[in-house]
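Here the structure is laid out as structure tokens; the discussion comes afterwards.
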């Protein structure tokens, strides 16, 4: 593995913990938090052992990081009990949670400099996801504190930022060393196969995606004033 600074590794560890903490406040459900924590430990242990770094396996081990959690998040929206639970989550905390995307994008840049991911995956390439993190506290302030921006404005922001998330997920997936690789053959995406960076696709991304989808669901299904969320 190319040399990664302790600061870079520590940043992603702390960012993962921050993501879980912010989600726990929005959820107010210890069982879910415990479940995510167990998942973190399993993925972290496998990442530290080098499990995800092996290529040429069937299926590619890279796909064991992201698709299972994305599928789980999507399945939640097909369950009636889950829908009722999600409708009671705190929209305020689901919005401010997106600040975690700032350190993630900064980490991506330094992992690129270490030669572990392509420039395409950074803000100097085609990854604009840092915009979501930078605007999250601004939207939080304008919507929930000053009440200048309403429900429609927050809904549009969620759709735009969801698009930015899908963009980097597509780039990262197509840049990974799998039979489906279409991008970045000179410098493929191998960085997320190492610990602690395995937590980005396995933990942080699903939390961010979940936050967007729940927020969009609430904003579309509930027509009342934003102050009632």
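The values are calculated or read from the model by the stated rules, or taken from the named source; none is laboratory data. What you see is a predicted model, and the numbers here were worked out from it, not measured in a lab. Here Cβ is always computed from backbone atoms with ideal geometry, including for glycine, and neighbour counts include all displayed protein chains.
Annotations for the structure displayed:
- Screening 54, 31 for residues that are in contact with a helix residue (DSSP H, G or I) (Cβ under 8 Å, 6 or more places away or on another chain) and exposed (fewer than 13 other Cβ atoms within 10 Å of the Cβ) leaves exactly one candidate, 54.
- Restricting 20, 7, 27 to those that are more than 24 Å from residue 177 (Cβ to Cβ) and under 15 Å from the mean Cα position of the chain (by Cα) reduces the list to 20.
- Residue check for residue 9: buried (at least 17 other Cβ atoms within 10 Å of the Cβ) and either free of Cβ contacts under 8 Å to residues at least 40 places away in the same chain or out of contact with any helix residue (DSSP H, G or I) (no Cβ under 7 Å at 6 or more places or on another chain) (or both): yes
- Residue 97 satisfies every condition listed in (1) under 17 Å from the mean Cα position of the chain (by Cα); (2) without any contact (Cβ under 8 Å) to a residue 60 or more places away in the chain; (3) surrounded by 19 or more Cβ atoms within 10 Å (Cβ to Cβ) except (2).
- Among the residues of segment 152-169, not a single one is part of a loop (DSSP other than H, G, I, E, B) and either surrounded by fewer than 17 Cβ atoms within 10 Å (Cβ to Cβ) or over 16 Å from the mean Cα position of the chain (by Cα) (or both).
- The residue pairs whose first member lies in segment 57-77 and is in contact (Cβ under 8 Å) with a residue 12 or more places away in the chain, whose second member is surrounded by fewer than 18 Cβ atoms within 10 Å (Cβ to Cβ) and in a helix (DSSP H, G or I), and whose beta carbons are closer than 6 Å, counting only pairs six or more residues apart or on different chains, are 76/82.
- Residue match in segment 119-130 (condition: in contact (Cβ under 8 Å) with a residue 12 or more places away in the chain, assigned to a helix (DSSP H, G or I) and closer than 18 Å to residue 19 by Cβ): yes
- Hits in segment 193-212 - residues which are modelled with pLDDT of 95 or more, part of a helix (DSSP H, G or I) and over 12 Å from the mean Cα position of the chain (by Cα): none
- If you check 174, 134 for being in a helix (DSSP H, G or I) and closer than 29 Å to residue 59 by Cα, only one passes: 174.
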